[in-house]
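The values are calculated or read from the model by the stated rules, or taken from the named source; none is laboratory data. Keep in mind it's a predicted model, so treat the numbers as computed, not measured. Positions of Cβ are backbone-derived with ideal geometry, glycine not excepted, and every protein chain shown enters the neighbour counts. Note: accessible area is taken over every heavy atom of the protein model, side chains too, but ligands, DNA and RNA are not part of it. Shrake-Rupley method; radii C 1.70, N 1.55, O 1.52, S 1.80 Å.
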Amino acid sequence: KGISGSNLQLWFDASDSSTISHSSNAVSHWNDKSGNDNHATQTTSSKQPILTPNGLNGKPYVTFDGSNDSLVATSLNITQSYSFFIAAKRDSGSSTKQYLFDGLSSDSYRSLLSLNKNGMVQMWAGSWTTSNINTPSGAFIVSAIFNSSSSRLSLNGTGVTNLDTNTRNLTNGIRIGGNYPDSNDYLKGSI
């Protein structure tokens, strides 16, 4: 099904193979289907995530290795409030903090969603939340609404409201699967 709405800013769909450019399944480009041209790229071949054509429930997904894979969309420019809806899968065996996404250029332009920060799913946009939602193993659906002190987080339908993430925005792009300086907190799993 299509997603509609005039405020949609970013939409990556691994099940639409026409949106992913790859060489031997190493993803170099993932087209944004929102119509805003916020495409994600990775030009360094050793840092490219892998397209898994027949993944969860037979649907394709993009797999990040947990050591250095990430994609960047430099054109994304959004200010709070905004929402993320992500279908993902976390691989077992890693006890480190892992970011589904983060800002791109500096600490001042960050909002992020972290798995396994102190064993929990946490949000940050200047301040860490305390969600008390355990980091999942296996497949999950997460929604994160960044709205300052009224932020919300939901994992597989279990939600927490009135989280205070602070007010930082994603006005200088987004990194998918790692932290903003591309140095740590890499996702070991799939989106």
Open item on the list: For region 170-184, check the following and say yes or no: at least one residue is surrounded by 18 or more Cβ atoms within 10 Å (Cβ to Cβ), touching a strand residue (DSSP E or B) at 6+ places or on another chain (Cβ under 9 Å), of a type outside the set (Gly, Ala, Ser) and at pLDDT below 95.
Closed with: no
Open item on the list: Just to check your reading of the model, which residue among 106, 67, 81, 151 is among the small types (Gly, Ala, Ser) and either crowded, with 17+ Cβ neighbours inside 10 Å or under 15 Å from the mean Cα position of the chain (by Cα) (or both)?
Closed with: 151
TODO: State whether one or more residues within region 134-145 are in contact with a helix residue (DSSP H, G or I) (Cβ under 8 Å, 6 or more places away or on another chain) and surrounded by 14 or more Cβ atoms within 10 Å (Cβ to Cβ).
DONE: yes
Open item on the list: Please return the ranges of strands (runs of 3 or more DSSP E) entirely within region 1-98 where 1 or more residues are free of Cβ contacts under 8 Å to residues at least 60 places away in the same chain.
Closed with: 20-23, 26-30, 50-52, 82-90
- [ ] Go through region 23-60 residue by residue and tally those that are of a type outside the set (Val, Ile, Thr) and farther than 16 Å from residue 72 by Cβ.
- [x] 15
Open item on the list: With the structure loaded, tell me whether residue 117 is charged (D, E, K, R), within 14 Å of the chain's Cα centre (by Cα) and open to solvent by 40 Å² or more (accessible area, probe 1.4 Å) or whether it fails that test.
Closed with: no
Task: Flag if residue 154 is without any contact (Cβ under 8 Å) to a residue 40 or more places away in the chain, among the small types (Gly, Ala, Ser) and part of a strand (DSSP E or B) - done: yes
